[in-house]
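To keep things clear, I will list the structure first and then write my remarks on it.
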Amino acid sequence: MAANEHKNLTDINRHNPKGFENATNETVLSKSIGTGATNTDGNLVWQNKALMGVTSYNIQGYLTGALNYFYGSDIADNSSPYLMDGNYGNTVVASGSITPVNLFRVGQSVIIPEIADVVSISGWITSNGVNDITIAICKATPTADDTTALVPIVIDEITATGLSSNSKLIRVNETAITTSALAAGDILFAMVKEGVAGSTIYMNLTIQTTTF
């Protein structure tokens, strides 16, 4: 009888896991949360592979609209982390640069801990003006012991039109990401421009990444 135990069967005689035939492609077998105190009473579920290794990063801030791109305040300023008063000096990301020390100290920046891909950018923005707003989600890859200014790479640019009120939310839901690849140690941050001065702009975004 021992030869008939499941662990001793050859590949052609082993059956697939429960629910395998009806599971959709690109899914992996997992276990639901359940309710018991021992955390063992969950059910088998086939979970979308894209949800494995998901990490979310929040970037939140505000600024008074200006011609150039602006980024978050230095962490040494009392206005950090939410005020975005760092003047990039350019309206095009590829036309400017930021020194590593200034970039490292942006109050809203996040450090990516592992190789990953950006899969979505979701959240809300508001403006009390009627002008077009552009949010550039950017990355930069510093090198240790190197003070050379870095030209940020645009992960994605998001454009919206102000609704004349900071009480009216504008939805952001980006899944077609321009440059998705991130390296461990990359600095992720946002820059915002309006094209004209005067409006007050708020943003609250979540950037989701996956690793496999």
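Read the figures in this text as sums done on the coordinates, not as results from a lab. It should be emphasised that the depicted structure is a prediction, and the values quoted were computed from it without experimental measurement. Positions of Cβ are generated from backbone atoms using ideal geometry, with glycine treated the same way; all protein chains shown enter the neighbour counts.
D145 meets all of the listed conditions (1) crowded, with 19+ Cβ neighbours inside 10 Å; (2) within 16 Å of F104 (Cβ to Cβ) but one, namely (1). Against the test of being loosely packed, with under 14 Cβ neighbours inside 10 Å and assigned to a helix (DSSP H, G or I), the options V130, V101 yield a single qualifying residue, V101.
Scan segment 61-98 for residues that are closer than 19 Å to V154 by Cβ and more than 22 Å from the chain's Cα centre (by Cα) and the total you get is 9.
Out of all the residues in segment 169-179, which are exposed (fewer than 12 other Cβ atoms within 10 Å of the Cβ) and either acidic (D, E) or over 20 Å from T210 (Cβ atoms) (or both)? The answer is R171, and nothing else.
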